[in-house]
Amino acid sequence: MSRIDETRPFLPVRIAVLTVSDTRTAADDKSGNTLVELLTRDGHKLAARAIVKDDVGAITGQLKLWIADADVDVVISTGGTGVTGRDVTPEAFESIFEKKIDGFGELFRWISYQKIKTSTIQSRAVGGVAGGTYLFALPGSPSACRDGWEEILKWQLDYRHLPCNLVELMPRLTEHLFK
């Protein structure tokens, strides 16, 4: 059974938020704002924020910058996970992953199914790891961002969450580089 162990300290995680959109600006980025509001409310630190176009090169370029930045532990993106021609976020993320976290997308779609039923097949939410940084791509609606955070990431990015969490694995994410 999952639970929060209050005897363990809360460890704030440094999270970068990436909005992928051809039309959003800082003034109307509701999904990005939702993620920032939720992660800071829960005690984490906003490490960086950016908006990039629906373009594999733009997305991977920003991801690589943040992966190389020691002040970023996690990247959460919103947008570009659908099935239209301009939706290329999963392809961009997967080209960067060293390891894919299949359960993230699977669990996101299961949670989404409870609310939007079969329409969830249009979501290609993905998660993975690269260069010691967790990377998660969520759909571009505030509701999807809220579901991804409240139902999955809030818990997995909390060191107190048991029986296990992603934070306790952070020191080991790059151990393959030292062999």
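The values are calculated or read from the model by the stated rules, or taken from the named source; none is laboratory data. Fair warning: this is a prediction, and the values are worked out from it, not measured in the lab. Here Cβ is always computed from backbone atoms with ideal geometry, including for glycine, and neighbour counts include all displayed protein chains. Calculation scope for accessible area: heavy atoms of the full protein, side chains included, ligands and nucleic acids excluded. Shrake-Rupley method; radii C 1.70, N 1.55, O 1.52, S 1.80 Å.
At-a-glance table
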item: Between the range 107-151 and the range 1-63, the alpha-carbon center distance in angstrom; result: 13
item: Accessible surface ranking that places the most exposed of His161, His176 first, with a 1.4 angstrom probe; result: His176, His161
item: Residue order for Met170, Met1 - accessible surface, 1.4 angstrom probe, largest first; result: Met1, Met170
item: Solvent-accessible surface ranking, highest first, for Val83, Val36 at 1.4 angstrom; result: Val83, Val36
item: Fully extended contour minus Cα-Cα distance, from Lys99 to Ala26, at 0.36 nm per residue; result: 23.2 nm
item: Distance violations [Cα-Cα > 28 Å] among Lys53/Lys99; Lys30/Lys117; Lys64/Lys117; result: Lys64/Lys117
item: Bridge type composition, the chain - antiparallel percent by DSSP, nearest 5; result: 35
item: Under 20 Å from the Asp5 label point (7 Å along Cα→beta-carbon), backbone N, the range 145-167; result: 153-167
item: Å³ per residue enclosed by the Cα convex hull of the chain; result: 117
item: Span-like helix ranges in the chain, DSSP H, alpha carbon extent 15 angstrom or more, Kyte mean at least 0.0; result: 56-68
item: Qualifying lysines (Cα of each under 18 Å from Cα of Lys154; at least 8 residues distant if same chain); result: Lys45
item: Carbon and sulfur %, accessible surface of the chain computed with the full protein complex present, 1.4 Å; result: 55
item: Estimated dipole of the range 31-179 in Debye, rounded to 20 [Cβ of Lys and Arg +1, of Asp and Glu -1, Cα centre]; result: 180
item: Separation in nanometres of the label points that stand 7 Å from Cα toward Cβ, at Trp110 and Thr174; result: 3.3
